[in-house]
Amino acid sequence: MTSHPAVPLMRTTPEGLLWEPSERWVRGRRGDVTVVDSRHPVLVWEPHLPVPQYAFPRADVRTDLLHPAQNPPRGGHTGPTVFYDLEADGETRPNAAWTFPADDLAGHVAFAWFPRTGTGLDHWYEEEEEIFVHPRDPHKRVDALPSSRHVRVEIDGTVVAETRDPVLLFETSLPTRYYIPRRDVRLDLFEATDHSTRCPYKGTAGQYWSWRGGAAVPPNLVWSYPDPLPAVAAIKGRPAFFNEVVDITVDGELLQRPVTPFSAGLRV
């Protein structure tokens with residue numbers, strides 16, 4: 001049997017890009033038009049971005065829908081990037097796609113994700129599951145574990161939730177989130193809002209609440225996932241609080257309020 005030298009899964013380009021091949025079947029659509037359909041995507045990490053992006057072989061892209069950008073932006077990506085405008089479904093979306101300068105990625109095209117950037121493609125799928133915001137990082141874990149810990153949540157000294165039946169959500173690089181049964185949350189102290197967000201690992205947080213009291217706390221500090229992705233089904237319908245702005249005590253220990261990428265957006 002002929003042996004072959006091992007090839008590292010993750011590789012680094014001279015420009016500072018990290019990339020690795022993916023075996024996921026990925027499709028991207030603009031309206032009803034499938035612009036990308038690839039079984040050989042690669043994941044690319046740029047030095048200044050904490051999340052990966054997909055890039056696709058040109059053969060898997062509707063390049064007939066791409067045209068050299070009329071007003072390409074300066075910067076924004078690593079190296080001298082070439083941008084393209086996308087014409088599909090009766091609309092032009094500027095700077096919706098680009099190429100990376102690295103020789104390793106020659107012949108690959110990356111796309112913006114419209115809900116996050118305002119340009120690019122509307123809907124993305126890995127296998128048969130729709131994904132949101134950005135590709136899921138294969139080096140990141142999200143685990144939702146039922147627990148019997150005693151969790152108490154307070155706002156300005158008022159107990160707003162207390163349970164011995166939480167689901168603890170552990171997500172790489174973020175603090176543990178405590179998803180609490182509705183029966184154990186004083187939702188009467190909050191007001192439902194029309195705010196919603198999406199997460200590539202959990203789905204759509206379609207329910208948010210703001211505090212009715214007088215404490216100086218930001219709006220939309222409580223959320224829940226009515227229909228989470230299957231991998232975290234245990235959090236379904238359970239409210240959770242931003243640890244960054246409330247006081248959470250777990251098994252008698254008051255947790256420190258963490259500083260996270262969400263902190264800047266939680267200022268009053």
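The values are calculated or read from the model by the stated rules, or taken from the named source; none is laboratory data. It should be emphasised that the depicted structure is a prediction, and the values quoted were computed from it without experimental measurement. Counting neighbours? That spans all protein chains shown, and the Cβs are built from the backbone with ideal geometry, glycine included. For the accessible areas, the whole protein counts, side chains as well, though only heavy atoms, and no ligand, DNA or RNA atoms are used. Shrake-Rupley method; radii C 1.70, N 1.55, O 1.52, S 1.80 Å.
List of remarks:
- None of A55, A110, A59 is closer than 19 Å to R24 by Cβ, not in a strand (DSSP E or B) and not basic (K, R) except A59.
- Scoring S148 on the criteria (1) in a loop (DSSP other than H, G, I, E, B); (2) surrounded by 15 or more Cβ atoms within 10 Å (Cβ to Cβ); (3) hydroxyl-bearing (S, T, Y) leaves a single failure, condition (2).
- Filtered residues of segment 181-206 (kept if open to solvent by 10 Å² or more (accessible area, probe 1.4 Å) and closer than 22 Å to V133 by Cα): T193, D194, H195, S196, T197, R198, C199, Y201, K202, T204, G206
- Test: residue in segment 207-219 that is part of a loop (DSSP other than H, G, I, E, B), surrounded by 14 or more Cβ atoms within 10 Å (Cβ to Cβ) and within 18 Å of the chain's Cα centre (by Cα): no
- Just one residue in the set L187, L254, L169 is touching a Pro at 6+ places or on another chain (Cβ under 9 Å), at pLDDT 95 or above and of a type in the set (A, V, I, L, M); that residue is L187.
- Flag for V44 being touching a Lys or Arg at 6+ places or on another chain (Cβ under 9 Å), assigned to a strand (DSSP E or B) and of a type in the set (V, I, T): no
- From the options A240, A231, residue that is open to solvent by 60 Å² or more (accessible area, probe 1.4 Å) and in contact (Cβ under 8 Å) with a residue 24 or more places away in the chain: A231
- A search for C-beta distances below 8 Å between a residue of segment 153-175 that is closer than 21 Å to W211 by Cα and any residue that is surrounded by 21 or more Cβ atoms within 10 Å (Cβ to Cβ) and of a type in the set (G, A, S), counting only pairs 6+ apart in sequence or on different chains, returns V153/A161.
- When Y178 is tested against the conditions (1) assigned to a strand (DSSP E or B); (2) of a type outside the set (A, V, I, L, M, F, W, C); (3) open to solvent by 40 Å² or more (accessible area, probe 1.4 Å), the lone failure is (3).
- The set of residues in segment 42-77 being under 26 Å from E126 (Cβ atoms), exposed (fewer than 12 other Cβ atoms within 10 Å of the Cβ) and within 24 Å of the chain's Cα centre (by Cα) consists of P47, H48, P50.
- Among the candidates R27, R74, the residue that is among the basic types (K, R), under 18 Å from P138 (Cα atoms) and either modelled with pLDDT of 95 or more or outside any strand (DSSP E or B) (or both) is uniquely R27.
- Residue tally, condition farther than 30 Å from E126 by Cα and either open to solvent by 50 Å² or more (accessible area, probe 1.4 Å) or under 23 Å from the mean Cα position of the chain (by Cα) (or both), over segment 247-262: 9
- Of all residues in segment 78-103 being aromatic (F, W, Y) and in a strand (DSSP E or B), the one that is surrounded by the fewest Cβ atoms within 10 Å (Cβ to Cβ): F83
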